[in-house]
Amino acid sequence: MNFKLTVYAIMFLALSAGAAAPPPDDDAWKPYRFLAGEWTGEGAGEPGKGSGGFSFAWDLQEKVLVRRNRSEYPAAQGRPAASHEDLMVIYRADGRGPTKAIYFDSEGHVINYAVTFSDDQRTLTFLSDALPATPRFRLSYTKFGDDSMKIKFEIAPPGKPDSFKTYL
């Protein structure tokens with residue numbers, strides 16, 4: 001399988017448009033609630049300097065968390081302007097099992113992720129399956145205060161599933 005990835009994503013240090021209501025103490029989704037809302041920001045990475053925004057919203061009576069993203073990149077260094085959209089659905093396997101996610105983008109990519117939190121529950125990490133002859137992806141959101149976060153996106157080359165290099 002020949003897998004070519006053109007990623008247009010940006011690192012956001014963003015502000016939420018609104019605060020979510022406090023979750024109940026027995027809420028299995030409690031660590032994810034900081035993500036809910038509209039986020040905007042600017043950043044840079046291998047695709048270049050860009051801008052855009054994304055949202056995380058609860059759906060299906062809070063059985064899934066849906067992320068929608070749009071990034072814009074102006075023309076630069078001989079490259080035309082570009083736009084990227086993606087959708088990711090975060091869910092619990094079998095309704096209660098480990099958290100997983102599935103990602104779709106406007107370029108036709110589909111990526112399955114396992115989802116975990118750091119021990120301090122400040123960093124949420126999406127790790128794609130290690131498949132032969134395809135890159136592996138790791139996407140991390142780290143919470144800073146109540147209204148900002150940092151995003152890191154890493155790619156490991158085919159055949160080296162743990163040799164991640166920061167893409168943005």
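Overview of results
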item: For Leu124, Leu60, order by how many other beta-carbon atoms lie within 10 Å, fewest first; result: Leu60, Leu124
item: Per-residue Cβ neighbour rank within 10 angstrom, fewest leading, Arg67, Arg122; result: Arg122, Arg67
item: Lys pairs, the stretch 56-168 - Cα-Cα below 17 angstrom, 8 or more residues apart or on other chains; result: 4
item: Which of Val110, Val115, Val89 has the fewest Cβ neighbours within 10 Å, and the rest in rising order; result: Val110, Val89, Val115
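Every read-out reported here was derived from the displayed coordinates using simple, explicitly stated rules and does not represent laboratory data. Remember, predicted model here, so these are calculated numbers, not experimental data. Counting neighbours? That spans all protein chains shown, and the Cβs are built from the backbone with ideal geometry, glycine included.
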